[in-house]
1. Taking θ = phi - 60°, what integer Hz values does the Karplus form 6.51 cos²θ - 1.76 cosθ + 1.60 yield along the range B:92-97, in sequence order, with x for Gly and Pro?
2. Please work out the C-alpha center-to-center distance from the range B:614-631 to the range A:51-70 and express it in whole Å.
3. May I ask you to sort A:Arg274, B:Arg8 by Cβ crowding, counting other Cβ atoms within 10 Å and putting the fewest first?
4. Work out from phi, with θ = phi - 60° and the Karplus expression 6.51 cos²θ - 1.76 cosθ + 1.60, the ³J(HN,Hα) of each residue of the range B:304-311, listed in order in whole Hz, and give x for Gly and Pro.
5. Computed FRET efficiency, Cβ-Cβ of B:Asn201 and B:Ser329, R0 30 Å: what is it to the nearest 0.05?
6. Can you give the percent of C-alpha pairs in the protein assembly as shown whose distance is more than 45 Å?
7. Hey, rough spin-label estimate for B:Glu445 and A:Leu19, points 7 angstrom out along Cα→Cβ, what's it come to in nanometres?
8. Using a Förster distance of 51 angstrom, determine the FRET efficiency expected from the C-beta separation of A:Ile113 and A:Leu705, and round it to 0.05.
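Derivation of every value follows stated rules applied to the coordinates shown; laboratory data play no part. Since the model is a prediction, treat every value here as computed from it, not as a measurement. Here Cβ is always computed from backbone atoms with ideal geometry, including for glycine, and neighbour counts include all displayed protein chains.
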2 protein chains.
Amino acid sequence: GITVSHLRFGKTPIQSEYLIDAADFIACHNPSYIIRYDMVSDLKDGGSFLLNAPWTSIEELEVNLPAKVKNTLAKKHAKLYVIDAISIAAKLGLRGRTNTILQSAFFLINEQIMPYTEAVDLMKKMAYKSFARKGDAVVQMNYNAIDSAKEHLVQIDIPESWATTTEGAEMIKLADNDYFKNVIAPILALEGDKLPSSAFNADGSVPTGTTKFEKRGVAVMVPKWVKENCVQCNQCSFVCPHACIRPALVAEGAAKPADFDTKPATGIKGYEFRMQVSPLDCMGCGVCAEVCPGMKGNKALVMTPFAELEVKEAANWEYAVDLPEVDLSEVKMADVKKSQFTPSLFEFSGACAGCGETPYVKVVTQLFGDRMIIANATGCSSIYGGSSPTCPYTVNKQGHGPAWANSLFEDNAEFGYGMNLAYKARRETLKEKVAKLAEAWAGYEEGKAACEAWIGNMNDAEGSKKAAAALIKACEGCKDCGCEADALVKEVLADKDCLVKKSFWIIGGDGWAYDIGYGGLDHVLASGEDVNVLVLDTEVYSNTGGQASKSTPIGAVAKFASSGKRVKKKDLGMIAATYGYVYVAQCAMGSDKAQLVKALKEAEAYHGPSLIICYAPCINHGINMTKSQAEEKAAVDCGYWQLFRYNPELAKEGKNPFVLDSKDPTGDYQAFILGETRYASLKKTQPAVAEELFKETEEASKERLAGYKHLAARE
Amino acid sequence: GITVSHLRFGKTPIQSEYLIDAADFIACHNPSYIIRYDMVSDLKDGGSFLLNAPWTSIEELEVNLPAKVKNTLAKKHAKLYVIDAISIAAKLGLRGRTNTILQSAFFLINEQIMPYTEAVDLMKKMAYKSFARKGDAVVQMNYNAIDSAKEHLVQIDIPESWATTTEGAEMIKLADNDYFKNVIAPILALEGDKLPSSAFNADGSVPTGTTKFEKRGVAVMVPKWVKENCVQCNQCSFVCPHACIRPALVAEGAAKPADFDTKPATGIKGYEFRMQVSPLDCMGCGVCAEVCPGMKGNKALVMTPFAELEVKEAANWEYAVDLPEVDLSEVKMADVKKSQFTPSLFEFSGACAGCGETPYVKVVTQLFGDRMIIANATGCSSIYGGSSPTCPYTVNKQGHGPAWANSLFEDNAEFGYGMNLAYKARRETLKEKVAKLAEAWAGYEEGKAACEAWIGNMNDAEGSKKAAAALIKACEGCKDCGCEADALVKEVLADKDCLVKKSFWIIGGDGWAYDIGYGGLDHVLASGEDVNVLVLDTEVYSNTGGQASKSTPIGAVAKFASSGKRVKKKDLGMIAATYGYVYVAQCAMGSDKAQLVKALKEAEAYHGPSLIICYAPCINHGINMTKSQAEEKAAVDCGYWQLFRYNPELAKEGKNPFVLDSKDPTGDYQAFILGETRYASLKKTQPAVAEELFKETEEASKERLAGYKHLAARE
Ligand SMILES: Cc1ncc(C[n+]2csc(CCOP(=O)(O)OP(=O)(O)O)c2C)c(N)n1
Ligand SMILES: Cc1ncc(C[n+]2csc(CCOP(=O)(O)OP(=O)(O)O)c2C)c(N)n1
Ligand code: SF4
Ligand code: SF4
Ligand code: SF4
Ligand code: SF4
Ligand code: SF4
Ligand code: SF4
């Protein structure tokens, strides 16, 4: 959530290591922090405090600063500065990027470090160096940002009343949850080392669904829903990397907050529709607004300063998530749209804003989350998936959600395989017990039928859900009458977590799947067991800063491949397909969401191993992450990435199991790769090498496609 | 080489652990051991000694027993028994199998254990149990063997003269080699624990070429060359798993032993040809005689009792291996035949008699052994390749031969890859030095030319050999005159082992390549480096007793797959071919030796990674190992195994890189698998399962072939 930097300046280098607790200067770069964290108690007497906020008048500050902040500032005889860097940045065309403005303000306030004019000079030189390549306009924009500080910085005279006032904004309330208060909050406050070990579960497990308590409020801009332009496609919800924009369905005429504006739900009779954002969970990546088709060229989502929506939409969100679930099983609707009416059981992860990986994980939980068991490889997905002290995996209204664990980077496939084997063994034993119970219940028609129905449906996802419910009911209805069924009933109930067919997911990045975990992955796929593997393919080891993997294509610059990768991207999908009994798909949601959903459903339904490789843009690619979905589409359109499904079930029907889902490329391949810094930078540093490698990498993609076509054409 | 069993009998179980040194009874089952090992000194006074030998008269024994054996037997008042079990077995149709006869003789001599009639009864019951499935004739044959002991066992009265005689057969001479005498011989005599650590090299390296000192003489029957029937095809030499039958070329008119019979060498003017066996190194597997085409239905190799050939042919062998090498570079001759005129640099390994793996290793050393560096995975190939105290890898007349090492089962590909990188780095440095030397030698025309020639040819196998020789000569011719070249010359000579291009071989079994070492193998193949991988595919983990690997086909019985493997054999070759820049071949020498040699040469010449997968019958398959070559042919003929080559060089020329070398199958697939116990046993234990799985496995082979054909047909 929050990053704190401690800077120290001296005439000679400062060697000793300590954190600062009597600072000359403190800056708060995000207005939302002021009601979240204690920002000022480490300020020294007479020190300066800089606040980036839209509240530049004393009147606004009276309302928006909490009493405790006012008290401390007044008692410490602090100098208070305010600047509305967000608005300035927006005006200058810098969108959310406020750092240059705030850096200039820093030097303006702290002339003891160096004269401000000298600082401005140095900052401009640096800006030139960094942005000259991007053209004069960008350089000028940064010069303007530097200059803007002097014009817009406001010093506020602190009224005497602040020393004792009890008025002001309320600090954000801690969630009313014991685990949050007793464990998470202390850790977030960097006081985790004071917790006794008894605060934790002895087996190392932690409660799920705890990210929702954080209410980080880190976004500078959040999407505002413009009802009139919304076509109710749910695409924004589908792509949101942080699961914080969701469609809400309210029964017509139901009581709702005044601000909870809705429109009649298309295709769902008796319901009103609204697209609801959670401003406090939103990362402000803008991906939702970017994909929003809107109406007649007008977007239904518009990025808007956080402060404007915070209070109102936070309340709406709380109302929306408490709405009863609507049964849409009988409603005819495209899968992509429908999937979004099911709550995401993966929410508010701390992935980078706009991350290309997380939307895939989210969708999988929407489809299968209530019976999902996940083995997660080390990598970004284990970090955003399990970053202590909170857990982004959560449960639905029935209390069902994914169980998740991470073992090692290298053994993840085996880890998930073992989970699957363990359940399989437990369920086989349970099956024997249920069969015995059916016999014991010879005289209890309904019970016997429930047993038999479960045995008949135990390996079918939906079937087992229904049958499990009936069997549990039958068992629970059974009185401890002393008959021979009693003991069996108890044993069956003791293992009732096994009744519903589980959905095993083995998740990891390309570093795991193509390289370090590949030996195990291959072995597990070859085993023929019913597990599903989701590869989040960023084409580099993302979490450790972008090392090349066997997924990295020729010409891409990565760590260990600083002058461009020299050998072809490995074709993991085709390798897995050589087995013939492994379901394989390659997807890119930004290009074809329906193909993704189809592949996920086919894979999960297939009673054997499945491998789904998903293209995931990443900050390591050097692209504007707001457009990560468009980047996926462009990758497919130009032939950089292909969509396909290899379904062994088709072979059983005598059909060609391989289906190439993407169309013949039409886009400009070279333009596509040059739009990403990982490629473009090679052209700058080694143009001749780049030309050579870029030709080769395009050639390699073409060859790959030709191979797919040859496969697809097989009788 | 030798197996010693210590048996103890008592009325109550004997728990204490010790070896016997005062035996009531000792048997020597192999006549050749009598001049090799001290067979009788552990006999107690008055004990019985049974010798299996063709010498059943006192006259023959006088000649064939060493004096020391006679002395000991006489002094110990031993009872001496002789039986010619080899001849009896041959007459009864049991070929080399003498164990039943000798077991019966054992009970006949040792009636203190149980009455002989009772023993005969029990042995017959056991024979019935073991062989009833194979039919009445086999049972009867074994009954006859049991009964034969009584008729043929001869007791010899030991003459008094033996107590003091100094006459008799000479004990085999220890090789005149210090390492053998000081290290190998004590270890073979089970006295290795008495050696000081100073007897070994500090770096753990051991001398190569030491198996030839062992002269094990373990074969019961060895091949006798019948000159008239020999067509000089060299196939016997090609397939010999132990490298102990080789063609010899003698210049016409050269002096040679009287017994060294020859015939004019076909296609090589001025030379005489002879196929020479080494009886003391031969394992008696009979593979050579089995593959020998002979002439007009008459074999040119006939399996003959060891004793008949031992002395004569051992002498001939010593003469043959000392013959000068004949330069055949200008002679036009099929590669398969020609390869056998180059000495095998892998010889007399202790692999099982008839092993399907070793002939592949042998041929590779004949093609590239003089510049080979081998990384060997753990498995049979690391055991027969490096079983202390001797080493089967050896050197040619120029002193060049493979360097060999084994690291771990799982890291072998990386191990070989690292060797390659190390050499590459050293050679790059050397190249810079040679370039500088060329400059320093500006005035020394010949020297400068040698430098330049080497730089131009350093990555070409034959070119670098020639250029290296010239450069070394130039360097060695250089006087330490004090000019600036002096230091460079010394540095170049110090690294002269790098001058010839090395041939890197990464060798292992299918357990390594398909399973445990696969993650690393994939990574190394993907690296694009110039290494060659040889997979000896026995379709099980052979060395540890036959566990199933991902190479094991559906339906085969193996450990961990005791009711038949359920999932398909992994297609390792096709997986590697997905890279496009890996040379891949699948071979079976028994089916097509020329294809094997072609693949090996193409793979080695390819400046990138190569993978050659070779089908290798193994004792774990439950076949008659004498026919292991025929089994390979049958496997290809019936479509069980395919031969192909995938050569990336062809793609560069715009051709289809994939060539299917094997023809459409014509053989009977089911008959083929039923000929191997690993399949046949399933049919016995679970006929219904077998039927199902055998259908599936045939289907899987057909699908595989169909896929290959689709690939081969690509434009
Ligand atoms: C055996 C091992 N090697 C290295 C690491 C360090 N490590 C942790 S995450 C990671 C990168 C993961 O990359 P990838 O699998 O591509 O997932 P991504 O982060 O891209 O989602 C690495 C190298 C480790 N944990 N274990
Ligand atoms: C990591 C590891 N696991 C297991 C072993 C034990 N082991 C040694 S050799 C071997 C079998 C080798 O089988 P394969 O690779 O097929 O070679 P083959 O013996 O058939 O030639 C095994 C399991 C080991 N040495 N290391
Ligand atoms: S801005 Fe990003 S995080 Fe916020 S709702 Fe939109 S997609 Fe989700
Ligand atoms: S993407 Fe835009 S149009 Fe579609 S549901 Fe979301 S807000 Fe509405
Ligand atoms: S580094 Fe890349 S993959 Fe990892 S969280 Fe950030 S954007 Fe996502
Ligand atoms: S093939 Fe077998 S029998 Fe023939 S020489 Fe070699 S080891 Fe001896
Ligand atoms: S296989 Fe037979 S015919 Fe051929 S060289 Fe050997 S002995 Fe002669
Ligand atoms: S077990 Fe098989 S592979 Fe190993 S040496 Fe024996 S025959 Fe050869």
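1. Using θ = phi - 60°, the values come out as 6, x, 8, 6, x, 7 Hz.
2. 87 Å
3. B:Arg8, A:Arg274
4. Listing the rounded values in order: 9, x, 3, 4, 5, 10, 2, 5 Hz.
5. 0.25
6. 57 percent
7. 8.0 nm
8. Result of the calculation: an efficiency of 0.35.
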